[in-house]
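> Dropping the structure in here first, questions after.
The values are calculated or read from the model by the stated rules, or taken from the named source; none is laboratory data. Model, not experiment: these values are computed from the prediction. Glycine gets a Cβ as well: all are built from the backbone with ideal geometry, and neighbour counts include every protein chain shown. Please note that ligands, DNA and RNA were not included when accessible areas were found on the heavy atoms of the full protein model with its side chains. Shrake-Rupley method; radii C 1.70, N 1.55, O 1.52, S 1.80 Å.
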Amino acid sequence: MQKQNQLLRHAAAVALASSFLVGLLPGLSAGLHAQTMDPSSVLGDVTLPPPEDVSQNFPYGITGKTPPSLTKINFKGQKPYHKHRINLRVFQGCPQVEISEGGRLWATWFGSNVQAERAPYHQDQFSVISTSGDGGKTWKEVFVFDPSELLGGGASDPMLWKDPEGNIRFIGLRNIDFKGKDEFATSAWEFTMLDPENEHTAWSPPRLLGNKNISVMKPLLFPDGTIMRSMDDFKLVGKRDKVRIRFLKEDVDGTPIFVSEFPVDNDAVFAEQMPIIRKDGSLFTFYRAKNGQKFAESFDGGKTWKLGGYYPMQFSINTKCILKTLPSGRVLLVANDVQMKQENGRKRYVYTDKQGNERELETHKTARTRMTAYLSDDDGETFTHRLLLCDDGQISYPSATLGNDGAIYIVYDQGRGVIGQHTIFLSKITEADILAGKLVNEQSFLNNIVSRPSDQGGGRREGDSL
């Protein structure tokens, strides 16, 4: 009943008329892409061979369509010296968070025992799935997505999200070097939890989603149960005039409906777009660009997109931010509250304090700090309320989920390969906290540790070369 009420409230919000960002930046050029594409032309043919096919029977005949698996760890009876234990880990980052209907928290991120992130195949990287049954106070790593046994494959950019039915799904992005002879060298696979209240839940068989990165940003849920997944073709990053930024619209049963795309924007790096539905039914998204966040709009359900240029407020410069519409109708933005100025060929990183004064960053001079939660009362036109979550070092890559009690859970990483850091943090806040600009809810907290290898004998050490 609660899920039905949430969908009804969402549908009612979409039906309200409102005007927003049209003409926000009239001086900037805008573009429309007026076509959608057959999903298979973008994602590849995701039909799996029959079960008896050699490619479906590991360890023989490995191809890009050989299914991956999840490995259970830290269970009763397991030997303590397994290869994924945290005291071997020297690098980790890019977390995601989700919560079950019963309040169990789940988080995922990728890491390595031997190196920092190395694209494009990410060898020696795996994704960790961790869980908390006490509201985020303590955590236990319970599964690993590790493709290394399949021709040395590596994992990158994992995802946890909750579908319209309330099921928690995990997406593992697998990368195998097939020497250019397999279109699924990069492949996204999705597993569904069968019992998310159980720390060692069973999982559905993996579903092949496609040969693009579909696991960085949570899908957008529509009131009718359809979803829209954000995609980016990372193989084309840095290659000018190539279309990379796309969306996959899926029916309620997972059947692809269409793929749409942005016009080419050579300012975009790893776009990491995450749309919301505005009150007039149109879609709005930020996307990552070299000098801040740009924005785009769609007025036909995501089939075509109009680029609007750089958003007037500068934040999350060439790094990830997230957008989410809250049950109240306000829009949540979690981003790095840092601005950049060029003076005499030098970059200055600044922020505006509560009194409206510009302050230069002194300790951590980087665009990736001052992780901040913002709220918008006007459908994303402005973000006038803010709460600083963390400014302790290099902080990046937020993810958020909502509890049934209105709590907002946010994770982000700190210093992925920095000695003594490589930490995953969790903050629990409410709208009231953001509106007040400080914690006012007695259940709220900032920067609880989800994972820090150096606290358990791991982590990068002096002399280590990553």
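> Quick check: at a probe of 1.4 Å, how many percent of the accessible area of the range 423-466 sits on carbon and sulfur atoms? Each step should come with its number before you reach the end.
Values: 880 of 2200 Å².
On the range 423-466, the fraction of accessible area on carbon and sulfur atoms equals 40 percent.
> Taking chymotrypsin sites (Phe, Trp or Tyr not before Pro) as exposed when DSSP calls them loop (any state but H, G, I, E, B) and at most 13 other Cβ atoms lie within 10 Å, what is the longest stretch of the chain free of them, the sites themselves excluded?
Values: sites that count: 60, 75, 81.
Here the longest segment lacking exposed loop sites spans 82-466.
> If you find the alpha carbon centre of the range 196-271 and of the range 331-395, how far apart are they in angstrom?
About 28 Å separates the Cα centre of the range 196-271 from the one of the range 331-395.
> Restricting attention to the range 215-264, which trypsin sites (Lys or Arg not before Pro) occupy a DSSP loop and are surrounded by at most 12 other Cβ atoms within 10 Å? If you can, show how the numbers build up before the last one.
Working: sites: 229, 235, 239, 240, 242, 244, 246, 249; in loops: 239, 240, 242, 244.
Hits after loop and neighbour filter: 239, 240, 242.
> Are any of the pairs 79/212; 181/239; 212/324; 76/218; 212/239; 72/162 more than 26 Å apart by Cα-Cα distance, and if so, which?
79/212; 76/218
> With only alpha-carbon atoms counted, please give the Rg and Dmax of the range 42-85, in Å.
Cα radius of gyration and Dmax of the range 42-85 are 15.4, 44 Å respectively.
> May I ask you to work out the translational diffusion coefficient for the range 157-221 at 10 °C, viscosity 1.306 mPa s, via Stokes-Einstein with Rh from the Kirkwood sum over Cα pairs, reported in whole µm²/s? Present the calculation step by step, with values, prior to reporting the outcome.
Working: Rh = 12.7 Å.
Rounded, D is 125 µm²/s.
> Could you compute the net charge surrounding residue 228? Neighbours are other residues with a C-beta less than 13 Å from the C-beta of residue 228; K and R count +1, D and E count -1.
Values: positive: 218, 229, 246, 249, 303; negative: 163, 224, 250, 251, 261, 300.
Here the charged neighbours net out to -1.
> Evaluate the chain: find the radius of gyration of its Cα atoms, find its Kirkwood radius, and give the ratio Rg to Rh.
Numbers: Rg = 21.4 Å, Rh = 22.7 Å.
Expressed as Rg/Rh, it is 0.94.
> Keeping the other protein chains in place, figure out the carbon and sulfur percent of the accessible area of the range 117-194, with a 1.4 Å probe.
Ligands and nucleic acids excluded, carbon and sulfur reach 45 percent.
> Report, to the nearest whole %, how much of the accessible area of the range 331-371 belongs to carbon and sulfur atoms, 1.4 Å probe, protein only. Can you show the working numbers first?
On the way: 880 of 2350 Å².
Carbon with sulfur: 37 percent of the solvent-accessible area.
> Based on Cβ point charges of +1 for Lys and Arg and -1 for Asp and Glu, what charge dipole magnitude is obtained for the chain about its Cα centre, in debye rounded to the nearest 20?
On the way: 55 positive and 56 negative charges, 216 e Å.
Magnitude of the dipole: close to 1040 debye.
> Return one whole number: the accessible area per residue of the chain in Å², for a 1.4 Å probe. All intermediate terms of the calculation are to be shown ahead of the outcome.
Working: 19710 Å² over 466 residues.
Each residue of the chain exposes 42 Å² on average to a 1.4 Å probe.
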